[in-house]
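Chemist: Here it is: the structure, laid out below.
What follows draws every value from the coordinates through simple rules; no lab data is involved. Quick caveat: nothing in here was measured; it's all calculated off a predicted structure. Positions of Cβ are backbone-derived with ideal geometry, glycine not excepted, and every protein chain shown enters the neighbour counts.
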Amino acid sequence: MALSGLLVQVLSGLQYGLLLFLLSSGLTLVFGVVGVINLAHGSLFMLGAYLAFAAVRDGVSLWLALALAVAGGAVFGALLERLLFRRFRHRGPLDQVLLTFALILLFEEARTALTDDQFHRVAVPAALDFSLPLTGGVVWPAYRLVVLAVCLAVAAAMFLLMQRTRFGAAVRAAAESAEMVELLGIDPRRLRVAVFAIATALAMLAGALAAPVQPVYPGMGQEFLIVSFVVVVIGGLGSMAGTFWAALLVGLTDTLCAAYLPALAGVSVYGLMAAVLLWRPAGLFARV
C-alpha cells in the first residue's frame, strides 16, 4: 500500500506540475517578449475555470469548453495587448503593476456580476467518469490521466514551436534583443500580440482543465499565480525548458510534502526557491 500511495502522490504531483507549466510558460513568454510582468495572469486561469463551470452547468460539453478557452483566450489576449499593454510597454514598472492590478479587480468584479461567490464543482465528462486500477488496489481517475496527456501534448507542441519554427526563433531573438526581430523581417508588434495571445490561451486552458479536478472559487487564480512565479524564478526567467522542469519539481515537492511532511507543506516550495536562489540566483536553467 505504501508504494501504491507513493505512486498516486507522484502522479498527482506531475499533474499539478504540468498545469503549473501551462500557466508559468505564459508568464515567462510575456515577460521575455513584451517586457511586462502580468500580475493578472492568474485571473486568466480563473476565467478559464469559470468558463468550464458555466459551460458544463448549462449543458455544454467540457471538451467544447476547452476549445472555447483556447480560442477565446487567444482572441482576448490579443485584444489585451493591442488595447492596453501596448500603451504601457514603455512606461515604468509601477504603471505596469497598477495596470495589471486594476485588471485583477476588473476580472473579479466581472466574475461577481456573472456568478456568485460560492465554491463550485465541475462534473467530469461521463465518458471519463471511472478510475483505472493501479498496484495494491489503488485506483487513479481516468480524467486526471487525460489532463496529464493533454498537458504533455501542449508542452511538446510548445517546445516544437519554440525550437523548430521561424516564429520560435523570433521569440527567442526578441527575448534577447527587440532589434534582432526586425533583422529577421518580422513586425515586433505582431509578435507581441501573438505571444500575448498564446500566453492567455495557455492560462485559460489550464484553468478549464483544472476545473473538474479542484473547486472553482473566487481568487483561485492568485494562488496559482504565486506558485507560478516560484516556478519561473526556479527555472530561470525566459527559459521554456527551465519553466517545464521547475514546474514538475515544484509540483512534486508540494504534493509529496503535503502527503508525507504536512508540517512543511505550506513552506516547502518557498524553501526550494530560496535554496535555488542561494545556489543559482538567475535560476537553474538561466543563461549565466
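Chemist: With an 8 Å cut-off on Cα pairs and a minimum separation of 6 or more residues, tell me the relative contact order of the chain in percent.
Modeler: Once divided by the residue count of the chain, the mean separation gives 38 percent.
Chemist: Using a 10 Å cut-off on Cβ atoms, rank the peptides 231-244, 187-200, 253-266 from the highest mean neighbour count down.
Modeler: 231-244, 187-200, 253-266
Chemist: Near the amide H of residue 131, under 5 Å away, which other amide H atoms are found, from residues 5 or more places off or on another chain, if H is placed in the peptide plane?
Modeler: For residue 131, the qualifying residues are 142.
Chemist: Sketch the reach of a paramagnetic label on residue 86 as a point 7 Å from Cα along Cα-to-Cβ, and name the residues of region 193-219 whose backbone nitrogen lies under 14 Å away.
Modeler: Correct set: 193-197.
Chemist: Can you list residues whose amide H is under 5 Å from residue 236's amide H, if they're 5+ apart or on another chain and H is modeled 1.01 Å from N?
Modeler: Excluding prolines and chain starts, which carry no amide H, the hits are 284, 285.
Chemist: Sticking with this structure for a sec: Note down the relative contact order for region 1-85 as a percent, whole number, built from C-alpha pairs under 8 angstrom at least six residues apart.
Modeler: 14 percent
Chemist: I've got another one for you. What is the list of residues in region 29-63 whose amide nitrogen lies under 12 Å from a point 7 angstrom out from the Cα of residue 106, following Cα to Cβ?
Modeler: Under 12 Å, as judged by backbone N against the label point of residue 106, lie 40 of region 29-63.
Chemist: Rounded to the nearest 0.05, what FRET efficiency do residue 159 and residue 127 give with R0 = 41 Å and r taken as the Cβ-Cβ distance? Could you check?
Modeler: E(calc), rounded to 0.05, equals 0.90.
Chemist: Let me ask something additional. Please compute the contact order of region 99-188 in relative form: average sequence separation of alpha-carbon pairs under 8 Å and at least six residues apart, divided by the residue count, as a percent.
Modeler: Computed over region 99-188, the figure is 11 percent.
Chemist: Using Cα atoms only, what is the angle between the long axis of helix 188-210 and the major principal axis of the chain, expressed in degrees (0 to 90) to the nearest 10?
Modeler: Between helix and principal axis, roughly 10 degrees.
Chemist: Related question: Enter the angle in degrees (range 0 to 90, nearest 10) between the Cα long axis of helix 166-176 and the first principal axis of the Cα atoms of the chain, meaning the one along which they spread out most.
Modeler: Relative to the chain, helix 166-176 is tipped by roughly 70 degrees.
Chemist: Report, to the nearest 10°, how far helix 2-33 tilts away from the longest principal axis of the Cα atoms in the chain, using its own Cα long axis and a range of 0 to 90°.
Modeler: So the helix axis and the longest Cα principal axis differ by about 10 degrees.
Chemist: Apply the a/c threshold of 1.5 to the C-alpha gyration tensor of region 22-220 and tell me whether it is rounded, prolate or oblate.
Modeler: Oblate shape, in that a/c is at least 1.5 and b/c is the bigger or equal ratio.
Chemist: Can you list the HN-Hα couplings for region 266-271, worked out from phi with the Karplus curve (6.51, -1.76, 1.60; θ = phi - 60°), rounded to whole Hz and with x for Gly and Pro?
Modeler: 3J(HN,Hα) across region 266-271, in whole Hz: x, 10, 4, 5, 6, x.
Chemist: For the pair residue 79/residue 270, report the inter-label distance in nm, with labels modelled 7 Å from Cα in the Cβ direction.
Modeler: 3.7 nm
Chemist: I need the calculated FRET efficiency for the pair residue 95 and residue 58, taking r as the beta carbon distance and R₀ as 45 Å, to the nearest 0.05.
Modeler: Efficiency for this residue pair is about 0.70.
Chemist: If each DSSP helix of 4+ residues adds -39,500 (n - 2.57) and the sum is divided by the residues in the chain, what number results at 222 nm, nearest 500 deg cm²/dmol?
Modeler: Calculated mean residue ellipticity at 222 nm is -24000 deg cm²/dmol.
Chemist: Compute the length gained on full extension between residue 149 and residue 134: take 0.36 nm times their separation in residues and subtract their Cα-Cα distance, giving the result in nm to one decimal.
Modeler: Stretched out fully, the residue 149 to residue 134 stretch lengthens by 3.7 nm.
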